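Worksheet: the structure to be examined is printed underneath.
The values are calculated or read from the model by the stated rules, or taken from the named source; none is laboratory data. Quick caveat, the model's predicted, so the values are computed rather than measured. Please note: Cβ atoms are built from the backbone with ideal geometry, for glycine as well, and neighbour counts cover all protein chains shown.
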Amino acid sequence: MQEKINTLDLEKEQLLKNLPKNKEMQDPTKIQEKIAEMEKRFQTTSMALADEKKIMAEIKKLKESIPNVQKAIDVKPKLDALYEHRN
C-alpha cells in the first residue's frame, strides 16, 4: 500500500513540477481562458516581433500543460483513496 502511495506521490510531484507555480493556473478551464485571452490580444494588438514570439511561446507552453494538469487532477482522488484505505 505504501509503495503505491509513494509511486503516485512521485508521479504527482513530477507533474506539478512542470506546471505553472500559480495555483490558479493549475485548472484546465483557467488555462483555456488564459490561452483565449492571449490569442485575442495577439490577433487584435499590434506589437513588436519579439513580443509576438514571446506570446506565441507562452500560448504553446500553456497548451502543452493542459494534459499534465488533468493528469495531476486525476491522481489526487487515487492518492486520497489510498491514504484513507491505509488509515
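Below are the figures for this structure:
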read-out	value
Residues being modelled with pLDDT under 80 and surrounded by 13 or more Cβ atoms within 10 Å (Cβ to Cβ) - total across region 4-20	4
Evaluation of Phe42 against (1) at pLDDT below 90; (2) surrounded by 13 or more Cβ atoms within 10 Å (Cβ to Cβ) (one fails), failing number	(1)
Test: residue in region 7-27 that is of a type in the set (Val, Ile, Thr) and without any contact (Cβ under 8 Å) to a residue 24 or more places away in the chain	yes
Matching entry among Lys63, Lys12, Lys30, Lys34 (being within 19 Å of the chain's Cα centre (by Cα), within 27 Å of Glu84 (Cβ to Cβ) and part of a helix (DSSP H, G or I))	Lys12
Residue in region 68-87 that is assigned to a loop (DSSP other than H, G, I, E, B) and either surrounded by 15 or more Cβ atoms within 10 Å (Cβ to Cβ) or modelled with pLDDT under 85 (or both) present	yes
Condition met for Asn87 (over 22 Å from Asn6 (Cβ atoms) and free of Cβ contacts under 8 Å to residues at least 60 places away in the same chain)	no
